[in-house]
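Enquirer: The structure is given below, and queries will be raised subsequently.
Derivation of every value follows stated rules applied to the coordinates shown; laboratory data play no part. Worth saying up front: this structure is predicted, and the values here are computed from it rather than measured. Backbone-built Cβ (ideal geometry, glycine too); neighbour counts: all protein chains shown.
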Amino acid sequence: MDLIQAKKKVEAKDKERNKLLGQKEMLMDGLKELGFKTIDEAKKTSKSLKKTVDKMNTHYDKGVSKFKTQFGHLLK
């Protein structure tokens, strides 16, 4: 590998790094608009909301099953 190829690789890596930093900055701006201070805070909230939604879906599925059992004859 000669100096020109090495320089091109370094420039490509630098360009990719700057692109990723820009994406991170855009993500952080979006999270700040939603009221989060850090990515970790957003992750924790996301996990908490996912657990809540999973519980709600389970409850909903049970309710649908119960409804179909009790009133299935009306659906036909």
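Enquirer: Of all residues in the stretch 30-76, how many are in a loop (DSSP other than H, G, I, E, B) and hydrophobic (A, V, I, L, M, F, W, C)?
Expert: 2
Enquirer: Follow-up. Answer with yes or no whether S48 is surrounded by 10 or more Cβ atoms within 10 Å (Cβ to Cβ) and farther than 26 Å from E25 by Cβ.
Expert: Values: surrounded by 10 or more Cβ atoms within 10 Å (Cβ to Cβ): yes; farther than 26 Å from E25 by Cβ: no.
No.
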